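Structure first, then comments.
The values are calculated or read from the model by the stated rules, or taken from the named source; none is laboratory data. Here the structure is a predicted model, which means the values were calculated and not measured. So basically every Cβ, Gly included, is an ideal-geometry build from the backbone, and we count neighbours across all protein chains shown.
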Amino acid sequence: MTSAFLLLAAALAGGSLLLSGILKLGQPTLVVRAMRELRVPERLVRPGLAHAVPIVEVLIGLAVLLGTGAVRTTAALLAAGIHLVYLFIVSRAVHGRWAVECHCFGDLSAGPVTGRTIARNAVLLLSALLVVGAPVLLPSADPSLVTRVVAAVLLVVAAAWLRIRSQKARQAATEQLTLHDVDGAPIPLAEFEDPPAVLVFFSSSCAACHDLVDRFRWWPNALPEGLDLQPVFLGRPEAFATRERFEPLAPYAWYDHDRAVANAVGVRAAPAAVLINSQNPTGSGAVSGRGKIEDLLISHGAHLPRD
């Protein structure tokens, strides 16, 4: 009975990391978006770290499930540290009433973080601590190697199946995302994948958006060959018709009538921008503010002067 209890704790503490890592493998933009939405310090929001996070989760998860003795205890201690960090981040978001998504399990956890997210992470943290303390609390407990391997294999198979299902659902949802021109003619978001395009989002009531118009008009001169730049107005044409400041862009702008595209690519405040390409059909992680938009353009080869 004690062995089954320890296996359950290991499955929660390590299996959750294994599942989380597999569902995020090869999707660094999803990790970057989550980090930005959860207001992780910008110096930590790096592609290298975004690639590493799911790999580390998978390795630690496997070590918790398959390891024994000191290996299992060390892995469980690392898992507890990860769960503690995640618990702190989501607790801060919930108590701050931020309307954000954690993407802790890839697209499967695309809903907003809530008190349930906090409770789930607390249970996972306690499970990891139980595994750490198992040599003292459950000295005779030691699930057989066969049992541990079977549990790990079942989790991997389940994660693979869930990933395939979520990818199909995401692809179907992406195909339905459309922008519209000033006359109401639709264009699928997928049309901006080739050549890659940076979509810059403007709101009619945003003072910073007004100030960005002149800079936006100059940016195409600084872009590298093969990178497009497109203005996207949040709302319908009539909302911008009386705003003289937007007149130079209005004939060329695309309109996000119900902000469905903005929500899908992670735009939370305007002005904002996101890179759309074949690897990132719903964006590489939206950024907000003139400075970060210019940093995004520079990171993709634009020659912009620094103020």
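For segment 268-307, filtered to residues that are touching a helix residue (DSSP H, G or I) at 6+ places or on another chain (Cβ under 6 Å) and of a type in the set (Gly, Ala, Ser), the residue that is modelled with the lowest pLDDT is Ser284.
Among the residues making up segment 269-300, a single one is touching a Pro at 6+ places or on another chain (Cβ under 7 Å), crowded, with 21+ Cβ neighbours inside 10 Å and farther than 18 Å from Asp256 by Cα: Ile293. Among the residues making up segment 106-135, a single one is crowded, with 20+ Cβ neighbours inside 10 Å and at pLDDT below 75: Gly106. Contact map, segment 288-307: first residue more than 13 Å from Leu275 (Cα to Cα), second residue of a type in the set (Phe, Trp, Tyr) and at pLDDT 85 or above, Cβ cut-off under 6 Å, separation 6 or more or different chains; the map is empty.
Residues that are outside any strand (DSSP E or B) and surrounded by fewer than 16 Cβ atoms within 10 Å (Cβ to Cβ) are absent from segment 227-236. Exactly one residue out of Val182, Val213, Val198 is part of a helix (DSSP H, G or I) and among the β-branched types (Val, Ile, Thr): that is Val213. Picking from residues in segment 126-153 that are among the hydrophobic types (A, V, I, L, M, F, W, C) and more than 15 Å from Leu65 (Cα to Cα), the one that is nearest to the chain's Cα centre (by Cα) is Leu126.
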